[in-house]
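S.K.: One structure, pasted below without further comment.
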Amino acid sequence: MALVTLTERTPAHRVYKYGGWILAAAALIYVPYFASKPARIDQFTQVVCYAVAILALNLIIGYSGQISLGHSAFVGIGAYTTIILVADHDWGYFATIPVAFALAFVVGVVVGLPALRIRGLYLAVVTLAVATVFPTLVIKYESFTGGPNGKQARDRLVPPDWTPFEARSRFGPVAYRYFVILILAAICFLLVRNFLKSRVGRAVIAQRDNQTSAATSGVNLPIYKTVTFGFSAAIAGVAGSLLMIETPQATDTKFGVELAIFLVVALVLGGVATIGGAIPGALAFVFIPYYTRQWADDISWLEGRPGAGAISGVFYGALLLVFVFILPGGVMDGIRRLKARLVKVIPNPSWLPRDHAEVVIPDVPVSAFPELVHEAAAEDLTSTTTRGSNE
């Protein structure tokens, strides 16, 4: 039994519908004031960056119905585009983001072309090959990418003179980078949300649910699959640029197969086919390994020994298993089920008047409509006769 009952399209229902996003935005804005040191703000900045990458992966796996294990390569393309333009050509960080978006989109379209012919595990193998090849290409073209030593920009993004962060916050530059990345990430979330609400997004979801029905309804499957893959890669490229704004250093080990696998794990933890699931997934991606490592280091009999890393991996795997058993649909599915237990929403479609819930049907006796009584009695007699003849 629900504790609260709301009618759809009422002011109370709108507050209930958007209240979660408002609370999440307030919490994200409060992070620099909550954190006790700059390193903690850097961790939350990484959460925002990886949330964009998980959101990009969700476009393919959650909404398009395809399997991709190569989004780490698209994140790496965006990261190396930004760091090369900044370090070697003296570009501004913000000016590199459109270039990273466009370049990752083109590469995503090229990689997405096999999705027109193959699907399922075969597509997963192709995208996994992309994630495997990308670090090799980084090492091969050492003069361009820095090779195994990586490439690093000389200066990090700092606030301009007119910003109030230096005067009002003891973590001025760190907080400035956090808010800049938060605003850019919010734009990415808004773009993805509008994409999914558009005609193209509805067609993408339709082909995920049933390709045959979507094709007979006029959906051009090759075009929509390719465009979705390219758009997802472009958002992942922006995530790579945001990571370089946070820490301007790119190496081949940062964007390998391990990142690709962990992005999929974070997506499952947060919730597949949910826009908001990228945020709890990114929190788990950043903080669960950090705290499991701390727990392993705190074990007295492992202190100072090389086995602490292996134990932290065991803790991490155990936590993931427990989490999947408790919330098989991810964090957002658990929140949805909890809200369904607490709040009951009465449907109120837009084609009905807003005050339809207040319409009262008068209590008219049945005898006032004798013709309806005779019709109902005739139907009952017919159904009884039919059942008797069948038996």
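The values are calculated or read from the model by the stated rules, or taken from the named source; none is laboratory data. Everything numeric in this text was worked out from a predicted model, so none of it was measured. Ideal geometry is used to build each Cβ from the backbone, glycine not excepted, and the neighbour counts take in all protein chains shown.
S.K.: For the subset of region 242-271 comprising residues that are among the hydroxyl-bearing types (Ser, Thr, Tyr) and not in a helix (DSSP H, G or I), which member is surrounded by the fewest Cβ atoms within 10 Å (Cβ to Cβ)?
M.R.: So the residue we want is Thr247.
S.K.: Now for a separate question. For region 110-162, what are the residues that are under 29 Å from the mean Cα position of the chain (by Cα) and charged (D, E, K, R)?
M.R.: Arg117, Arg119, Lys151, Arg156
S.K.: Quick check on region 12-35. Is at least one of its residues hydrophobic (A, V, I, L, M, F, W, C) and assigned to a loop (DSSP other than H, G, I, E, B)?
M.R.: Looking for residues that are hydrophobic (A, V, I, L, M, F, W, C) and assigned to a loop (DSSP other than H, G, I, E, B), one finds at least one in region 12-35, hence yes.
S.K.: Another one. Consider Ile118 against the criteria (1) in contact (Cβ under 8 Å) with a residue 12 or more places away in the chain; (2) more than 30 Å from Pro32 (Cβ to Cβ): it satisfies all of them except one. Which criterion is unmet?
M.R.: Every listed condition holds for Ile118 apart from (1).
S.K.: Give the residue, chosen from Val107, Val86, Val125, Val99, that is of a type in the set (A, V, I, L, M, F, W, C), farther than 18 Å from Ala239 by Cα and either in contact with a Gly (Cβ under 7 Å, 6 or more places away or on another chain) or assigned to a helix (DSSP H, G or I) (or both).
M.R.: Unique residue meeting the criteria: Val125.
S.K.: When you look at Pro98, is it modelled with pLDDT of 95 or more and surrounded by fewer than 24 Cβ atoms within 10 Å (Cβ to Cβ), yes or no?
M.R.: Considered against the rule, which asks whether it is modelled with pLDDT of 95 or more and surrounded by fewer than 24 Cβ atoms within 10 Å (Cβ to Cβ), Pro98 comes out as yes.
S.K.: Among the residues of region 225-241, is there at least one that is surrounded by fewer than 20 Cβ atoms within 10 Å (Cβ to Cβ), within 20 Å of the chain's Cα centre (by Cα) and outside any helix (DSSP H, G or I)?
M.R.: No, every residue in region 225-241 fails to be surrounded by fewer than 20 Cβ atoms within 10 Å (Cβ to Cβ), within 20 Å of the chain's Cα centre (by Cα) and outside any helix (DSSP H, G or I).
S.K.: Right, another one. From Thr82, Thr10, Thr45, grab the single residue that is touching a residue at least 24 places away in the same chain (Cβ under 8 Å) and out of contact with any Leu (no Cβ under 9 Å at 6 or more places or on another chain).
M.R.: None of the other options fit; the residue is Thr10.
S.K.: Continuing with this model, one more query. It is to be established whether one or more residues within region 51-58 are surrounded by fewer than 24 Cβ atoms within 10 Å (Cβ to Cβ) and either closer than 22 Å to Gly330 by Cβ or out of contact with any Phe, Trp or Tyr (no Cβ under 6 Å at 6 or more places or on another chain) (or both).
M.R.: No; the residues of region 51-58 include none that is surrounded by fewer than 24 Cβ atoms within 10 Å (Cβ to Cβ) and either closer than 22 Å to Gly330 by Cβ or out of contact with any Phe, Trp or Tyr (no Cβ under 6 Å at 6 or more places or on another chain) (or both).
S.K.: If I filter region 283-300 for residues that are surrounded by fewer than 18 Cβ atoms within 10 Å (Cβ to Cβ), over 21 Å from Arg40 (Cβ atoms) and at pLDDT below 90, do I get at least one hit?
M.R.: Yes.
S.K.: Okay, next question. Can you tell me how many residues in region 190-224 are in a helix (DSSP H, G or I) and either loosely packed, with under 15 Cβ neighbours inside 10 Å or of a type in the set (A, V, I, L, M, F, W, C) (or both)?
M.R.: Within region 190-224, residues that are in a helix (DSSP H, G or I) and either loosely packed, with under 15 Cβ neighbours inside 10 Å or of a type in the set (A, V, I, L, M, F, W, C) (or both) number 24.
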